[in-house]
Amino acid sequence: MGRSVCLFLAGMIWLPAAGWAQDAADEAADATTPETVEETTAAPEAPATPAAPEAPATPEAPAAPEAPAAPEAPIAPPVTTVEEEVAKAAAEPEGVKAPPKEKRSNVSALFNDRLESRYWNFKDPILGFPDSEGVRSYFETVNRFTGYVKAGKWSFFGQLDLVSLGANSYIANGEVQYERDLLHDGIWHPLLLAPYDSTEVGKEGWGRVVRNNYFNLEKVQASYNTPAVSLTLGDSYAAFGSGIALNLNRNVDIDIDTSIQGAKVVWQPDMWNVQAFFGQANRQQIWQDNPNIGLYGDRRHLITGVRAERYSIGTVDIGAHSVLYNFTDQEGWGPGFDNIASSPDAIVSGATMQAFGWGPTDWFLEVDAFSYPNKTLGRDEDGFKIKGNDLFYGQAASPGFAAYLSGSAYLGDFTLLMEAKRYSNTAHLNNLVTTELYQVAIAPTLEYERSITEDSAAALGSNDMWGGRMQLEWNARPQLIPYAAVGVFRDNDPENPLNFSPVPETIVHPMLGLEWNYNEWAVLANLGYRFDIRDDVEVYGTDKQLHGDIIANVPAWKGWGFNMSVAGEYYQWGNNPIQQSDYVEFETAWSLLWGSKLAFIYYMDYTTNPLLDSVGNLTENLYAAGEIQYKPTSSITLKAFYGSYKAGIRCSGGQCRVLPGFDGGRLTVQAAF
């Protein structure tokens, strides 16, 4: 431990002094895309609300997500355009004092920079060198800089990311050996002005700089906006309806940021909203929170779509949309443009209806049809054409469909939330981007995301799923809302490669919870018991999960307060072809807060889950860490973290990602100006 601390402190001093080549730094700012410009100037991650201060970028991090006490049935997820969010953020960023109205300039600007330096502590020795404990430890520095400028009806946005590795090599038998490769061969390198080839780059001098440093202009955007029309060139985001056909947005909770790079137009005459776009998927290359290892170039999938909405037809809003996808398995701009001339891999078309005030109820309905055109993918050994679809891995494709219904009924002191879904052959749409760690379309899951495990995550990608969920809330008092909920689903897709069950299963998931607020006091609590009942239960058994979480905010004295976030689960497996072990795990965060200025946070994780690839720093199963967050001004946030947290799965917005554990230290500086 002492050696690790010394290495960490020494590295934090050495990296800034090592110059640009060795310390391009920083974990990306949470609020640096056009949609989230406001976040960077918001209060620090220790607000006096039930949400815990920003947790380290850990899977199932102790800090609870800023979500309601239980997942509610969205009537119609609001889709705010990039242009609307950018204009709102630029109008008067928080922390920047606006000049008197009569003197206000026609030009405004907002810049953000987030610099984070991480020390990754690896205790395991190099294979064959038992005395090399700690040699594999290294430094990683990530920097994200964004700029937004608005001038009249025009606005411009850019995001530049940089990453640098330090202490990433050692000498064995007189030769320099690199412990990990920052870059994968073939990625275009701005320092070389050519694709990177590790066999052509030296290991010392300039070669060391090239191997350990990389930067990329991740996002760029120019927009022209009037009350009726907006035109965007460059990067933008899009989501149609509830996200079944298209949902490409920035998700900082799990370090996902894929935009559509091309052209987008939005037309809003009277009670209409019509939008159309044409472009290619632009996935971020440099990870904000996850380790940057083996970075590879973009696969620029072709995505184009159109949606029209008509509001206030009586008490009803209606919409219709269509999206065309053509995927590529090759990196670079060329294959992306080649897709324009080829037949598409998928076409998704659908319609939505949103109704308000039908008696004491509100409703939302979406129906989509999925077409996967079969095309020639090659020839067999006899010369006959092979017909199939890339999304079906070369097999003959079958069409799919999706239907999603949600509603709310207001019954005096009670509110009844209802959801139902039927998805068939819809998850194929994400097959070719799964390895790129994002999804192009995300249907409502009806799941409680904080309880999702490696096993239940498979149900999110099922190609044959139906079921529903109901939640009854009681407004017992203005400050007290208990609820009871139950979800019942049928997963008929045992061929899903993520599924541990070899047979279909019925999922039953009852939950209880409450939300209580009184002045600055607040409590959010949830308790559930999930059963995944497999067909032929006598043979295959039932997966069982008992889970719960609680967040509490307690005011103290003269601006001081206390925040607690605790979550845990006990998981029992059914009978698997490769049997897994039952396990227990929990995550906690204990915070002492002084207004929005200062936070002291203690994290502790415990797990016996054998599927996790991490080891605790206190014992094999026990992890602990501490963090200090300080906000000297409204536009500057400083953080210092040291310790360890576990690996695991984390879900947000219908997407799940397995995040690695961490052992070491982090220093973060974020500023808006």
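Details
- For peptides 149-156, 414-421, sequence by mean Cβ density within 10 Å, most packed first: 414-421, 149-156
- Sorted on the mean count of surrounding Cβ atoms within 10 Å across their residues, most packed first, peptides 159-166, 294-301, 354-361, 134-141 read 159-166, 134-141, 294-301, 354-361.
- Once the Kirkwood radius over Cα pairs is known for the stretch 527-620, the Stokes-Einstein relation at 10 °C and 1.306 mPa s delivers a diffusion coefficient of 99 µm²/s.
- Simple label model, 7 Å out from Cα along Cβ direction - PHE401 to ILE628, nm: 6.2
- Using C-alpha pairs under 8 Å with a sequence gap of at least 6, the mean separation divided by the residue count of the stretch 222-353 gives a relative contact order of 19 percent.
- A Förster radius of 25 Å combined with the Cβ-Cβ distance from MET470 to ASN575 puts the calculated FRET efficiency at roughly 0.25.
- Eigen-decomposition of the gyration tensor built on the alpha-carbon atoms of the stretch 566-673 gives equivalent ellipsoid semi-axes of 32, 15, 13 angstrom, largest listed first.
- Cα gyration tensor shape of the stretch 611-673, rounded if a/c is under 1.5, else prolate or oblate by comparing a/b with b/c: oblate
- In this Cβ point-charge picture (+1 for Lys and Arg, -1 for Asp and Glu), the stretch 599-673 has a dipole of about 300 debye about its Cα centre.
- Contour excess over end-to-end distance, with Cα ends at ALA308 and LEU217 and 0.36 nm allotted per residue: 29.5 nm
- Between ARG490 and LEU231, the distance separating the two model label sites (each 7 Å from Cα on the Cα→Cβ line) works out to 5.2 nm.
- ASP338/TYR602 FRET efficiency (R0 60 Å; Cβ-Cβ; nearest 0.05): 0.65
- Calculated FRET value between LEU480 and ALA556, using beta carbons and R₀ = 22 Å, to 0.05: 0.50
- Student exercise, the stretch 450-554 dipole from Lys, Arg, Asp, Glu Cβ charges, in Debye to nearest 20: 540
- Checking the Cα-Cα distances for LYS153/LYS219; LYS153/LYS639; LYS150/LYS264; LYS150/LYS631; LYS421/LYS646 against a 30 Å cut-off, the pairs over it are LYS153/LYS639; LYS421/LYS646.
- The mean sequence separation of alpha-carbon pairs under 8 Å and at least six residues apart, normalised by the residue count of the stretch 110-205, gives a relative contact order of 19 percent.
- The value of relative contact order for the stretch 207-259, using C-alpha pairs under 8 Å at least six residues apart, is 21 percent.
- Inter-part distance where the stretch 206-279 and the stretch 562-589 are each reduced to a Cα centre, Å: 37
- Overall, the stretch 285-408 carries a charge dipole of about 280 debye about its Cα centre when +1 sits on the Cβ of Lys and Arg and -1 on the Cβ of Asp and Glu, all other atoms neutral.
- Selection among LEU512, VAL554, ASN499 by position relative to the dipole of the stretch 481-573 gives VAL554 as farthest towards the positive end (Cβ unit charges, Cα centre).
- Here the accessible area of the stretch 183-227 is 61 percent carbon and sulfur, with a 1.4 angstrom probe and all protein chains present.
- Built from the Cα atoms of the stretch 181-292, the convex hull projects on average onto 9.3 nm², one quarter of its surface area.
- Cut-off 18 Å, label 7 Å out along Cα→Cβ of PHE122, residues of the stretch 204-218 by amide N: 211-213
- Summing charges over neighbours of TYR170, with a neighbour being any other residue whose Cβ is under 11 Å away from its Cβ, gives -1 when K and R count +1 and D and E count -1.
- Protection proxy ranking of 447-459, 320-332, by the mean of other Cβ atoms within 10 Å over each peptide's residues and highest first, is 447-459, 320-332.
- Spacing of the two label points (7 Å from each Cα toward its C-beta) at TRP521 and LEU498, in nm: 4.1
The values are calculated or read from the model by the stated rules, or taken from the named source; none is laboratory data. These figures come from a predicted structure and were not determined experimentally. In this analysis, Cβ positions are derived from the backbone assuming ideal geometry, glycine residues included, and neighbour counts consider all displayed protein chains. Ligands, DNA and RNA are stripped out before the accessible areas are found, and what is left, the full protein with its side chains, is counted by its heavy atoms. Shrake-Rupley method; radii C 1.70, N 1.55, O 1.52, S 1.80 Å.
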